[in-house]
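Q: First, the structure itself, so that you have it in front of you.
What follows draws every value from the coordinates through simple rules; no lab data is involved. Predicted model only: the values in this text are computed from it and were never measured. So basically every Cβ, Gly included, is an ideal-geometry build from the backbone, and we count neighbours across all protein chains shown.
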Amino acid sequence: MRAIAYIRNREKHDSLEELEEQFRNYCHDNLHQPLRMFVETESMLQHDEHGYPEYRSLYEFLHNSTSDYLVVVPNASHLGSDLEAV
């Protein structure tokens, strides 16, 4: 299955290259095809008054696609700050 990653709360010690490698390794181990990563950065969040621009991009990508994808997140905290938001 084609896979997409969404990462919001990037750990300070994780570089983009490390995150890409982790995503690719996960896909390789589970027989998925890595397609794209959507990564929110602190500078993006500080300059966007409407919230999470990469999340919107992910939503639009999925909404406009006629295919199915597996969306991979490191853990639930990347989707919201509390249980209700997740």
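Q: Within the set of other residues whose C-beta is less than 12 Å from the C-beta of CYS27, count the net charge using Lys and Arg as +1 and Asp and Glu as -1.
A: Its environment carries a net charge of 0.
Q: Okay, moving on. Per residue of the stretch 23-40, in order, report the coupling 6.51 cos²θ - 1.76 cosθ + 1.60 (Karplus, θ = phi - 60°) as ³J(HN,Hα) in whole Hz, putting x for Gly and Pro.
A: Residue by residue, the stretch 23-40 yields 5, 5, 5, 4, 5, 4, 5, 10, 6, 10, 9, x, 10, 7, 10, 10, 10, 7 Hz.
Q: For MET37, enumerate residues with amide H under 5 Å from its amide H, sequence gap 5+ or separate chain, H modeled in the peptide plane.
A: So MET37 has HN proximity to ALA5.
Q: Note down the net charge around GLY80, summing +1 for each Lys or Arg and -1 for each Asp or Glu among other residues with Cβ under 13 Å from its Cβ.
A: -2
Q: Just to check I understand the Karplus step: with θ = phi - 60° and J = 6.51 cos²θ - 1.76 cosθ + 1.60, what whole-Hz values come out for the stretch 53-63, glycine and proline as x?
A: Karplus values, whole Hz, x for Gly and Pro: x, 6, 5, 4, 5, 4, 4, 5, 4, 5, 4.
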